[in-house]
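What follows is a short report on a single structure.
Each reported figure results from applying straightforward, stated rules to the coordinates on display, with no laboratory input. Just so it is clear, the model here is predicted, and its values are computed rather than measured. In this analysis, Cβ positions are derived from the backbone assuming ideal geometry, glycine residues included, and neighbour counts consider all displayed protein chains.
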Amino acid sequence: MSHHITNDRVYTTDHEWAKEEGDVVLIGITAYAVEQLGDITLVNLDVAEGDVIEAGKPFGTVESVKTLADLFAPLSGTIVRVNKAALEERPELVNEDCYGAAWMVAIAPTDRSVLNGLLDAVAYAKLLETTH
Amino acid sequence: MVPFAGYDMPVQYEGVKQEHLAVRRAAGLFDVSHMGEFELDGIEALAVIDSLITNDASKLADGRALYTCACNERGTILDDLIVYRLREDKWLVVCNASNRDKILPHFTAAAAGRCAIEDATERTALIALQGPQAMAVAARAGSEGAALAELQSFELREASLVGVECIAARTGYTGEDGIEIFCDADDAVSLWRGLLEAGRELGLAPAGLAARDTLRLEARLSLYGNDIDETTNPLEAGLGWTVKLGKAEFLGKEALLALKAGGLNRKLVGFEMVGRGIARHGYALLDATGNTIGNCTSGSPAPSLEKSIGLGYVTLGQDAIGTKIYVDCRGKSIEAVVVPTPFYKRAT
């Protein structure tokens, strides 16, 4: 089974991705996660700009017709932007462009080096391979 | 494929929404061979069946079927079934796969010394052809297919479809027109492929169990294990029409008479989300002040309606159409409103 993975970002074992963009880190969910969920019908982002978030803590949920998945912060920091309007208006954006337009939140990280401890594209691909 | 009740289940082919809409707009083909089937043979089969079900099978003519509950002595629901009268002395009962290990011994015990009973589940495949184009697909599936359009609702007959001998019944679980087709398990692949081929130009698509669930929910058809179980009775579940209290003795009759006389405490209602949220099985239903008034038994986005809908039990007094209720979506209270059901009704 092959899943689209890009090598311009890092990944978590919970199937989120984190991508550095200037001073912030964008967070989203992977193509594998999207495939597991199916048609996304609701995105709940329970954080606002200025909130401080801790690595591993939930910041929202993604719901499909059949099920719901929690979103976990891959790293600690301050929420700088929330892609709330776009994803509330068009949750299907997650199915269409999970690595681009469907980013969820932008975090100003407390410690950027945490990213080095996450999975690179090769390690994430290996994880998917071994779980299937 | 997902394992369920010992079967690998086709949950999804192309995507739930796509499959759901294909069934509403054209037709879908479902493999529901996991359903339990058993046959009762003998002149006392009717009496055995009627002693265990809430509906009245004595009213059936040959080639007719009915939907019913089977209750325990407390009047709560052991399973919901379809009972088919093939002949006076030959009956077929279809039960939920998850209840087969409970229902088969239950019927076997009642049949002891009165009629023969045989589990036909393993040797029987069941394929559902559903949607506005379903009968047109059947008509293309062999010379006997066209005549199936003459079947009344819950009527069945033997037929040969794409060269496979089968029994076709005008039943379904989607809210659409269509048939459910029983055949020998060895012929199932031929029937499946043949029907897909026959229906290709008409838009027939394979549909999975996830789409079956959203379709049945829009049509407000109960799902055992979600909306009904051994803690619920047919009267509160909106299945009072399957309970024939005028019938002679049947298991659960005394309890159901008492429930009816005593009045119900709660009722299964349909609701539509007003706020942003999806109700799920097990979520609490609340009133405006935050008191729990019931629980959600099924909930999902409704692909045909572009709304989010649900079913749930609420205490009497909160069940009127238009009542504002709240769904506790994992700690967030989301507004909903009680609406008439079925949520979706096909144009006739």
Legend entry - Part-to-part distance (alpha-carbon centres) for the stretch A:67-132 and the stretch A:1-31, which is given in Å: 6 Å
Inset, instruction - Amide H neighbours of B:Leu78 under 5 Å, at least 5 residues apart or on other chains, H built in the peptide plane: list them. - result: B:Ala70, B:Cys71, B:Asn72
Legend entry - Cα-based reach from B:Lys17 at 23 Å (exclusive), listing lysines while leaving out same-chain residues under 8 positions away: A:Lys66, B:Lys307, B:Lys345
Inset, instruction - Please turn the phi angles of the stretch B:164-181 into ³J(HN,Hα) values with the Karplus equation 6.51 cos²θ - 1.76 cosθ + 1.60 (θ = phi - 60°), one per residue in order, whole Hz, x for glycine and proline. - result: 9, 6, 8, 10, 10, 10, 7, 9, x, 9, 10, x, 10, 5, x, 9, 10, 10
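What length, rounded to one decimal in nm, is gained on full extension from B:Glu158 through to B:Glu118, with 0.36 nm per residue of separation minus their alpha-carbon distance?
Numbers: separation 40, 0.36 × 40 = 14.40 nm, distance 1.99 nm.
Length difference between fully extended and current span is 12.4 nm.
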Legend entry - Cross-link partners of A:Lys126 among aspartates and glutamates (Cα-Cα below 18 Å; sequence separation of 8 or more within a chain): A:Asp8, A:Asp14, A:Glu16, A:Glu35
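What percent do you get for the relative contact order of chain B when only Cα pairs under 8 Å and 6+ apart count?
Numbers: 824 pairs, mean separation 64.4, N = 348.
In percent, rounded to a whole number, it is 19.
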Legend entry - Pairwise label distance in nanometres, A:Lys126 with B:Arg346, each label 7 Å out on the Cα-Cβ vector: 5.3 nm
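At a Förster distance of 35 Å, what's the computed FRET efficiency of B:Lys324 paired with A:Glu35, Cβ-Cβ distance as r, to 0.05? Display every interim value, and only then the final one.
Working: r = 37 Å, r/R0 = 1.07.
E(calc), rounded to 0.05, equals 0.40.
Tally Lys/Arg at +1 and Asp/Glu at -1 over every other residue whose Cβ is under 13 Å from the Cβ of B:Glu144; what's the total? Walk me through the numbers on the way to the answer.
Working: positive: B:Arg140, B:Arg157; negative: B:Glu150, B:Glu158, B:Glu165.
So the environment of B:Glu144 carries a net charge of -1.
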Inset, instruction - Just add up the charged neighbours of B:Ala116: K/R +1, D/E -1, any other residue whose Cβ is under 14 Å from the Cβ of B:Ala116. - result: -3
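Tell me the net charge near B:Leu235. Cut-off is 12 Å between Cβ atoms, B:Leu235 excluded, with +1 for each Lys or Arg and -1 for each Asp or Glu.
Working: positive: B:Lys260, B:Arg266, B:Lys267; negative: B:Glu236.
Summing Lys and Arg as +1 and Asp and Glu as -1 gives +2.
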Legend entry - Per-q log10 I(q)/I(0), the stretch B:265-348, q = 0.11 Å⁻¹ (Debye; single scatterer per alpha-carbon; no solvent): -0.24
Inset, instruction - Just the isolated ones, please: cysteines in chain B lacking another cysteine beta carbon under 4.7 angstrom. - result: B:Cys69, B:Cys71, B:Cys95, B:Cys115, B:Cys296, B:Cys329
Legend entry - Order of B:Ser51, B:Ser58 - criterion: other Cβ atoms within 10 Å of each residue's Cβ, fewest first: B:Ser58, B:Ser51
Inset, instruction - Excluding residues fewer than 8 places away in the same chain, name every one of the lysines whose C-alpha is closer than 18 Å to that of B:Lys332. - result: A:Lys57, A:Lys84, B:Lys324
